[in-house]
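Everything below concerns the one structure shown next.
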Amino acid sequence: MTDALYTPPKVWTWNKENGGKFANINRPVAGATHDEVLPVGKHPLQLYSLATPNGQKVTILLEELLALGHSGAEYDAWLIRINTGAQFGSGFVEVNPNSKIPALLDRSAAAPIRVFESGAILLYLAEKFGAFLPTELAARTEALSWLFWQMGSGPYLGGGFGHFYAYAPTKIEYAIDRFAMETKRQLDVLDRRLADHEFLGGSDYSIADIAVFPWYGGLLQGLLYGESAEFLDVQSYTNLQRWTAAIAARPAVKRGRMVNRVTGDPAGQLHERHDAGDFDTRTQDKIGTPA
């Protein structure tokens, strides 16, 4: 390989595709690439997303809120296919100038409120409905610390380890070793915390758990990056395994993981969600075919 001989230029320029799974949508500039108006459904909460780990955070929380009886958390979930560049449509960019899913538009007030970044959406919804975030200062602070831990740590797992282990066009030993080491350190951080706490924030299930679960729980369940679970020896993190199993068994979590999913078993997919009954009366146009 020539990488060992590579000398960075004085000024980097984008003159070739970077390769890898998402090369067709990666670019060094922001903004819309085409005009596309976002659809709007019947509920005040309009979610534009895809069932990646970041997207699952929001649908899990919304389903948990509905399970608690918060009828105002009813939502329309519209599918945004990021592999085709739908996140660069003008309507989506208006809701999220960073062109990343998920993006939420709350139309319950006179002036719609946009919320982007998954952690910000979780916090917004938890505060709006007064649920899944402790009100006592110390407990609230602990939960928020773990929420922001995930936001800061997740890119090392996804964009770091996941990219170089599963998506990069070539296997680079240094990159895989570097991010595998960091991912295992993160798993150890979580495992140590959960050794003497039922949930990350303490005794109560919160948005901290909802943020961390799709990434690290998904990793432990073997749902991310091919054979990475075996590669990282995730079975050795017994406290994290206990926590993962408990959250995965929650009915609202099961529903939330289905919404906007386009991969895997069609029985586990619900491309768009506009009503609670969609889980029971799914039709082929809502489920689609495996991508």
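The values are calculated or read from the model by the stated rules, or taken from the named source; none is laboratory data. All figures in this text were calculated on a predicted structure; none of them were measured in a lab. All Cβ positions, even for glycine, are placed from backbone atoms using ideal geometry, and neighbour counts span all protein chains on display.
Quick notes
- Checking the stated criteria, Asn24 turns out to be farther than 18 Å from Val259 by Cα and either surrounded by fewer than 24 Cβ atoms within 10 Å (Cβ to Cβ) or of a type outside the set (A, V, I, L, M, F, W, C) (or both).
- Exactly one residue out of Val58, Val40 is among the β-branched types (Val, Ile, Thr), at pLDDT 95 or above and in contact with an Asp or Glu (Cβ under 8 Å, 6 or more places away or on another chain), and it is Val40.
- Qualifying residue in segment 103-113 (condition: touching a Lys or Arg at 6+ places or on another chain (Cβ under 6 Å) and part of a strand (DSSP E or B)): yes
- The number of residues in segment 124-164 being surrounded by 16 or more Cβ atoms within 10 Å (Cβ to Cβ), out of contact with any His (no Cβ under 8 Å at 6 or more places or on another chain) and assigned to a loop (DSSP other than H, G, I, E, B) comes to 3.
- Index of the failed condition, Leu194 passing every other in (1) closer than 21 Å to Phe213 by Cβ; (2) in contact with a strand residue (DSSP E or B) (Cβ under 9 Å, 6 or more places away or on another chain): (2)
- Of all the numbered requirements in (1) closer than 24 Å to Arg250 by Cα; (2) touching a Phe, Trp or Tyr at 6+ places or on another chain (Cβ under 7 Å); (3) hydrophobic (A, V, I, L, M, F, W, C); (4) part of a helix (DSSP H, G or I), Trp78 misses one, and that requirement is (4).
- Hits in segment 83-101 - residues which are assigned to a helix (DSSP H, G or I), modelled with pLDDT of 95 or more and within 19 Å of Arg261 (Cα to Cα): Ala86, Gln87, Phe92
- Within segment 246-264, one or more residues are in contact with a Gly (Cβ under 8 Å, 6 or more places away or on another chain) and under 21 Å from Ala139 (Cα atoms).
- Of all the criteria given as (1) under 18 Å from the mean Cα position of the chain (by Cα); (2) farther than 28 Å from Glu173 by Cβ, the one not satisfied by Ala67 is (1).
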